[in-house]
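Down below is the structure, laid out as structure tokens.
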Amino acid sequence: MPSPAEISSLLNASSVFLFLITLVVFSIPVFIIFPPIPVERSDALGQTHSKVGVPQRESKLRDQWTAGTVSNGQADGHAGTGQQPLPPKIHSLLIYPIKSCRGIELAEATVLPKGLEHDRVFCFAQRKTKKRTGGPDSSPAVPPQPAVVSPVETEYWEVLTLRQSALMANIQVDLWSPDSAKHSRQLGPMTDHDGTDSNSFVVVRFPWRSPGVKGLVETVAAKLSRGLSATPEREFMLPMSFPSSREVKARGYSHSEVTHFRSVIPALDMGSELPTELASYLGLEPAKLSLFRLDPSQRRQVFGCAPTRDIAGYQPEIDFQDAYPLHLLNLSSVRALESKIRRDADIERLDCRRFRPNIIVSGLPAYDEDDWKSVRFKAMSRKDTDAMFDVSCRTVRCKLPNVDPATGIRHKVEPDYALRHYREIDTGAPKKGCMGMQMCPLFSTDGGQRHLQSTIRVGMEIAVLQRGTHHAL
């Protein structure tokens, strides 16, 4: 027969067990209403939308260091039957909805007069201050005085890129498009999907951990929801459709100007959408960071080396691209430049994404693209049509490729050093290196203005139609 002490011990153990069971039972509805792992916007969007782009596990750029590069006239990694090299083709496609942030890899893309659809629609901007010299007061009520020149400060917005803020490489951008096949318990089926941007969104995420205990909870939640290697993030969402006048007022937007190089661009200031943590992450004051987008009806027209309206049937235009609608990059050229860089612990290989391309091609000799003047991507089926492009000029490089797109770490010298020493090839850009080509789309104008679009796909073969000289302007 158990002793009183043993009975007391059993009762204590049973009481603790019952207390724990009761706590768990009562905690379940609390966790349902107030989940310890925050619900992501992508969880809600996933009910009615699909994420645009190629999943990381299927990325065509995982083999970029071997696939379709050409050495001594022979293709590496993509030999066909009888060891014959496969024809040159489109290897990958990329868009960057927010300028200088991470790109989205696509299997196919719609080509518009402004370049690829959804490319460089938004940009971040930093408020800058400049001083100008003011003149003396010339009011007639004031007796003549010796001229006093005093500096006057003026503020302006300047487009923010990886050149100024390497951490922008760590800002992830996901594009979500309505999916008519999906049905939401709350919203019902997406029966109104018309193929436009009216219900598309971008979800923007960046690394962020709050201070103190809250940050510890965020870290635990991130690892529980996304795996042990995950880190806390902050996110916000933007509509892809351009807002109406009513929405502009309701959401606190304003019309302003933003400078980019020598251009002053009228745009919509959407800074009210930004969380204050983003400015802190980028090392800025919240009041000195904003978000801009162009009105699609007021895009910037492209001249310089671009084809004229008489030749193209329209005037090429851009959103927040640097100068031209599209940027093409040859994988063999990247590998050739890689052989020239001065390697160290911080740079062993060159990821082609350092150069922010839209169209990546493979199966060509290194630098074959340097003298292209026009090119055609061949249709892959009878349902498709060929896609034509004017190759307007070479891409003159700055130091932006020094930033590693995977980490946001800026190398001190490479590949800028190699570009300036081995790729000073354009008489219009002395002491500067060139890598890649700037292009403008060409369309059949038989159907009028509304038919100014085409489709390009990974795997389309390349036909160079014309070669010639280039001179950057």
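Only bridges whose two residues both fall in region 342-473 count here: according to DSSP, what percent of them are antiparallel, nearest 5? Each step should come with its number before you reach the end.
Working: 18 of 18 bridges.
Bridges in region 342-473 are about 100 percent antiparallel.
The P(r) of region 241-397 has a tail past 26 Å containing 50 percent of all C-alpha pairs.
Excluding ligands, DNA and RNA, the accessible surface per residue across region 395-473 is 52 Å² with a 1.4 Å probe.
Hey, got a sec? Which trypsin sites (Lys or Arg not before Pro) in region 290-354 land in a DSSP loop and have at most 13 other Cβ atoms within 10 Å? Mind showing how you got there, number by number?
Working: sites: Arg293, Arg299, Arg300, Arg309, Arg335, Lys340, Arg342, Arg343, Arg349, Arg353, Arg354; in loops: Arg299, Lys340, Arg342, Arg343, Arg349.
Answer in residue order: Arg342, Arg343, Arg349.
Leaving out ligands, DNA and RNA, what percent of the accessible area of region 189-340 is carbon and sulfur, probe 1.4 Å? Before the final figure, lay out the partial values.
Numbers: 4030 of 7600 Å².
Whole-percent figure for carbon plus sulfur exposure: 53.
For Lys373, the residues whose amide H sits under 5 Å from its own are Gln466, Arg467, Gly468, ignoring neighbours fewer than 5 places away on the same chain, with H placed 1.01 Å from N. Surface composition of region 389-457: carbon plus sulfur atoms contribute 49% of the solvent-accessible area (1.4 Å probe, protein chains only, all chains present). Computing Rg and the Kirkwood Rh from the Cα coordinates of region 209-262 gives a ratio, Rg/Rh, of 1.24. The calculated FRET efficiency for Glu58 paired with Arg251, based on their beta-carbon distance and R0 = 30 Å, is about 0.25. On a per residue basis, the convex hull of the C-alpha atoms belonging to region 332-473 measures out at 134 Å³.
When the solvent-accessible surface of protein heavy atoms is calculated with a 1.4 angstrom probe, in what order do Lys60, Lys412 fall, highest first? Kindly include the intermediate steps, with their values, before the conclusion.
Numbers: Lys60 100, Lys412 190 Å².
In descending accessible area the options line up as Lys412, Lys60.
Here the 3J(HN,Hα) profile of region 356-372, calculated from phi with Karplus coefficients 6.51, -1.76 and 1.60 at θ = phi - 60°, is 6, x, 9, 10, 10, 10, 9, x, 10, x, 4, 6, 4, 6, 4, 10, 5 Hz, Gly and Pro shown as x. With kT/(6 pi eta Rh) evaluated at 37 °C and eta = 0.692 mPa s, and Rh the Kirkwood radius from Cα pairs, region 212-320 diffuses with a coefficient of 188 µm²/s according to Stokes-Einstein.
The values are calculated or read from the model by the stated rules, or taken from the named source; none is laboratory data. The model shown is predicted, which means the values in this text are computed figures rather than measured ones. Every residue, glycine as well, gets a Cβ built from its backbone with ideal geometry; the counts of neighbours run over all protein chains shown. The protein model used for the area step is the full one, side chains on, heavy atoms only, and it has no ligands, DNA or RNA in it. Shrake-Rupley method; radii C 1.70, N 1.55, O 1.52, S 1.80 Å.
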